[in-house]
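The values are calculated or read from the model by the stated rules, or taken from the named source; none is laboratory data. Please read all numbers here as calculations on a predicted model, not as lab measurements. Note that each Cβ is placed from the backbone with ideal geometry, even for glycine, and that neighbours are counted across all protein chains shown.
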Amino acid sequence: MDLNTLRQFLVVARLEHLSRAADELRVAQPSLSRTIARLEGELGAPLFDRSGRLRLNDAGRIFRDHVERSLGELEAGRRAVAEATSEGLGTVRLASETFLTLAGPLAAYKRAHPSVEIELHWSSAEDMARHLRAQDVDLCVASQPIHADGLESARLFEEAVGVGVPLDHPLAGRTSVSIDELAGQPFITARKGHWIRRLLDRLFAARGGAPKIVCESDEPAAIAELISAGLGIGLVPAFARRSATRTPTAAWIAVDSPDCRRTVTLHWGAESHLSPAARLMRATIAGWDWSAGEPSTNTDEHG
């Protein structure tokens, strides 16, 4: 049971598809199939259900969680040795669904610690627990709940999410709008899995409907530009509205629903070894004054 076998197993477990896993790993599919079969033989139990589509079974999920933690500890050990034999604070790896929210604290952190190497990784919330358990990243910032054991968290802020419409839209002069009034409107939104898409789908599903989506994009700036150009409307968090230029190119309208909100939370592994750089980053983000857009009085963390 070598490390390469375990890493290959994790890719198959994540994708639940042998050919896609083989493509990602750049190995032949028959070779990957034999690797998984040998692993199951060594463990004495199947890890996947093979009736129809390949599915990770209960034994596979148990083994996956242990493998993620084990490989994560090996990576943590490698990084700890690197930190012990080098000078400086080390490296910090941060994952988020969007970095617009984090621009302020990231800039302040880099000014205060210019020698620290910062790695930024985009991640969906559903993948964040896996990345933290495997110690692929040190910290994650999510705009939707992460339900997983072995994580610690700090709530950063909660805010309303409104709807952005072109300035010449019939709703542009309104101060609030209901979900029912938005039915049939063309929505420009993010792809499935992104928090803003999940919120949009959830708001309409609660009323037995579905939004009319005319464009999906992974680029928040592109979504904002397309809304301003009159091609549709879209959900926009209050933070993005405050961060926009002083000359508005779209109108922001409150949504008359208590569920149209997001809570932004910082997560890290409960038993993870955080480098001094990562601990300082955690303190900077957790201690940021989000309403003022500046550091709080004490954002340093040592030890």
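Numbers at a glance
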| read-out | value |
| --- | --- |
| Any chance L100 is in contact (Cβ under 8 Å) with a residue 24 or more places away in the chain and closer than 25 Å to C140 by Cα | yes |
| Residue that is surrounded by the fewest Cβ atoms within 10 Å (Cβ to Cβ) [pool: residues in region 98-136 that are farther than 25 Å from L74 by Cβ and among the aliphatic types (A, V, I, L, M)] | A107 |
| Flag for Q144 being of a type in the set (S, T, N, Q), touching an Asp or Glu at 6+ places or on another chain (Cβ under 9 Å) and closer than 16 Å to M281 by Cβ | no |
| From the options L89, L71, residue that is farther than 23 Å from F157 by Cβ, assigned to a loop (DSSP other than H, G, I, E, B) and either touching a helix residue (DSSP H, G or I) at 6+ places or on another chain (Cβ under 9 Å) or at pLDDT 85 or above (or both) | L89 |
| Count of region 1-60 residues which are of a type in the set (V, I, T) and either surrounded by fewer than 12 Cβ atoms within 10 Å (Cβ to Cβ) or not in a helix (DSSP H, G or I) (or both) | 1 |
| Meets criteria (at pLDDT below 90, within 30 Å of S217 (Cα to Cα) and among the polar types (S, T, N, Q)) for T101 | yes |
| Top-ranked residue in region 124-150 [being assigned to a loop (DSSP other than H, G, I, E, B) and at pLDDT 90 or above; ranked as nearest to the chain's Cα centre (by Cα)] | S143 |
| Number of positions in region 236-251 that are surrounded by 18 or more Cβ atoms within 10 Å (Cβ to Cβ) and either of a type in the set (V, I, T) or at pLDDT 95 or above (or both) | 1 |
| Residue satisfying condition, being free of Cβ contacts under 8 Å to residues at least 60 places away in the same chain, within 24 Å of the chain's Cα centre (by Cα) and under 30 Å from D136 (Cα atoms), within set A190, A205, A270 | A190 |
